[in-house]
Amino acid sequence: MRTLRNVLFLVFLLLCQSAWAAKGTLLFVPLDNRPVCLDYTVQTLEAAGWEVRTPPREFIANETNMGEPEKMMTWLEQNAPEAIGIVASSDALIYGGLVASRTHEIPLETLQARAQRLLAFRQEYGGQKHVYLFTTIMRSPKASSAPVEPAYYKEWGPKLFRLGALEDKRELKLLKRKETKELARLRVAIPQEILDDLYTRRAHNIMTTELLLHGVESGDFDYLLIGRDDTATFSQAHREARSMEILVSELPKERIRFFAGADQLGLVLLTRAAKRLQYELPLVNVTYAAGTAGQTVPSYEDDTVAESAKQHIYAAGAFPVRLRKHADLVLAVNTPKNGKTLEASNALNNYKVPAETKNFVSKVARLSEHYPVALADVKFGNGADNALVKTLFDKGVAYKLAAYGGWNTAGNSLGFALAQGLMSIECVPAAQRQLLDERYLDDWAYQANVRMQAYTQLIWPNYWPNSGLKGEQLAQAEAFIAREIVKTAEPYLGQAVHAYSYTLPWKRMFEVQISKK
């Protein structure tokens, strides 16, 4: 009898393995080759049993070069017959990547021809291919510079942001008398050739995006996801988003969504494709930490966390539910008690655990006994909440989670946690553990702690640049980062920290790549 049970168990395992490996092939064109946009995203789907093919890396935008739109589109057309679903960044296929969408000097005729080629793509296969597209509204950074923005941003970036904010307020009839005078001064102070360059590029991008909206209406795409990249409450990006919202509102909600964020869009849409192709509709219940909770409006965004969560759930191919007993996943969102999302580098992001954090972790622990729980840590911008992560490990909850995210903007963190949480249901335990390790090492150890240490102890004292590190600079920076991540994380993650390597793929401090050795 025992032998028979063993044989049946082995047969069961083989059947499960076959089913797990036979989900199909997805083609994926990312924004660029940053880890969150490419490697972490592909890894998440592969951990759940999907084969994900991407264009050759030399076609994809990197830290120094924009991507090759024509070559990526040709690759997509050549490989489509072997795929059951396609998820693609229109920014990559039209401009060459996210950075290129802000810095390009491509004629409008070329942009629109590329958009038309994308619109015709599905019809080449008789409309039978599942095609999911994501695009972004050009951001309005408060401070930035080349190469991720045009060179003039180094001098004029803050003034350009302020000009857009005041123009936005003027259109909303919220401009104060003092601000009216400030707006007039800025219009005179900023060189006209800079304004012409900026507004021409933004106008061309908007016109190209409007072409893609026709693809939703005519059925050229199964779904279009539009992200608002770094959209402050008052800004040029918010101004343009208000106009875009009017157009989007006229299209069927089951085929288009429009919300804050950019870097998480690929993973969110791949999750939607996976769920739709398996005829699944997961139900998601959302819960918050105490305080302003879902009414929090995070830094870099112009919507409440509650609205963002709802839109992300729909976009990921799931459905929000009020009654937790019906949920397939609980999305727990760590929000600031007072509604103000400070930077993770702020001194207030320390390891002193407030009562609301203790209570929140206790709630998450209780929920994790009955449901998969994805934790979106949006209390701070650009990094995790140290007190939260400490408590998760102290209380033994860190690895009971289905997913964790807390790395950049609130939308980025929320989208990653939600999507990895939805996909975790299909992951084998070892793969899920690795996904959690990478998020703790990246979002918490590096983003909230080691990055600022590297600035203050290495980069700034040596007068090195924040980006464009070369040769010995890069080698020293990566050695420092690896050493400090291990020192920070080993007391919590144990020997697992030695199983990974830590590099700066874009030769800048903003992102680290966590890779299994």
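The values are calculated or read from the model by the stated rules, or taken from the named source; none is laboratory data. Treat the numbers as computed from the prediction; the structure is a model and nothing was measured. Backbone-built Cβ (ideal geometry, glycine too); neighbour counts: all protein chains shown. Side chains included, ligands, DNA and RNA excluded: accessible areas come from the protein's heavy atoms. Shrake-Rupley method; radii C 1.70, N 1.55, O 1.52, S 1.80 Å.
Report yes if some residue within region 162-173 is modelled with pLDDT of 90 or more and either assigned to a loop (DSSP other than H, G, I, E, B) or touching a strand residue (DSSP E or B) at 6+ places or on another chain (Cβ under 8 Å) (or both); otherwise report no. Checked against the condition, which is being modelled with pLDDT of 90 or more and either assigned to a loop (DSSP other than H, G, I, E, B) or touching a strand residue (DSSP E or B) at 6+ places or on another chain (Cβ under 8 Å) (or both), region 162-173 yields at least one hit. In region 383-394, the residues that are over 16 Å from Ala347 (Cα atoms) never reach a residue that is surrounded by 24 or more Cβ atoms within 10 Å (Cβ to Cβ) and at pLDDT below 95 with C-beta atoms less than 8 angstrom apart, at least six apart or across chains. In region 220-249, the residue that is farthest from Glu307 (Cα to Cα) out of those that are surrounded by 22 or more Cβ atoms within 10 Å (Cβ to Cβ) and among the hydroxyl-bearing types (Ser, Thr, Tyr) is Ser235.
Do we have any residue at all in region 135-142 that's touching a His at 6+ places or on another chain (Cβ under 8 Å) and either of a type outside the set (Val, Ile, Thr) or in a strand (DSSP E or B) (or both)? Yes, region 135-142 has at least one match. From the set of residues in region 253-287 that are over 19 Å from the mean Cα position of the chain (by Cα) and under 25 Å from Arg139 (Cα atoms), which is surrounded by the most Cβ atoms within 10 Å (Cβ to Cβ)? Per the criteria, the residue is Arg255.
Looking at Arg170, is it among the basic types (Lys, Arg) and in contact with a helix residue (DSSP H, G or I) (Cβ under 9 Å, 6 or more places away or on another chain)? Yes: the conditions hold for Arg170.
For region 301-321, residues that are outside any helix (DSSP H, G or I) and open to solvent by 70 Å² or more (accessible area, probe 1.4 Å) total 1.
Results for (1) of a type in the set (D, E, K, R); (2) within 11 Å of Ala445 (Cβ to Cβ); (3) in contact with a strand residue (DSSP E or B) (Cβ under 7 Å, 6 or more places away or on another chain); (4) open to solvent by 60 Å² or more (accessible area, probe 1.4 Å), shown as yes or no for each residue.
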{"position": "Leu458", "(1), (2), (3), (4)": "no, no, no, no"}
{"position": "Gln476", "(1), (2), (3), (4)": "no, no, no, yes"}
{"position": "Glu484", "(1), (2), (3), (4)": "yes, yes, no, no"}
{"position": "Lys487", "(1), (2), (3), (4)": "yes, yes, no, yes"}
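Of all the residues in region 37-68, those that are touching a Phe, Trp or Tyr at 6+ places or on another chain (Cβ under 7 Å) and touching a residue at least 40 places away in the same chain (Cβ under 8 Å) number 3. Residues in region 478-495 that are closer than 29 Å to Arg57 by Cα and touching a helix residue (DSSP H, G or I) at 6+ places or on another chain (Cβ under 7 Å): Phe480, Ile481, Ile485.
Counting only helices (runs of 4 or more DSSP H) that sit completely within region 23-123, those holding 1 or more residues that are of a type in the set (Ser, Thr, Tyr) and open to solvent by less than 20 Å² (accessible area, probe 1.4 Å) correspond to 39-47, 90-94, 98-103. Considering region 203-219, the residues that are at pLDDT 90 or above, in contact with a helix residue (DSSP H, G or I) (Cβ under 8 Å, 6 or more places away or on another chain) and open to solvent by 20 Å² or more (accessible area, probe 1.4 Å) include one that is farthest from Glu167 (Cα to Cα), namely Leu211.
Inspection of region 259-268 identifies at least one residue that is in contact with a strand residue (DSSP E or B) (Cβ under 8 Å, 6 or more places away or on another chain), in a helix (DSSP H, G or I) and of a type outside the set (A, V, I, L, M, F, W, C). Residue count for region 322-374 satisfying the condition of being part of a loop (DSSP other than H, G, I, E, B) and open to solvent by less than 30 Å² (accessible area, probe 1.4 Å): 7.
Only residues that are open to solvent by less than 30 Å² (accessible area, probe 1.4 Å) and either assigned to a loop (DSSP other than H, G, I, E, B) or in contact with a helix residue (DSSP H, G or I) (Cβ under 7 Å, 6 or more places away or on another chain) (or both) were counted across region 288-300, and they come to 4.
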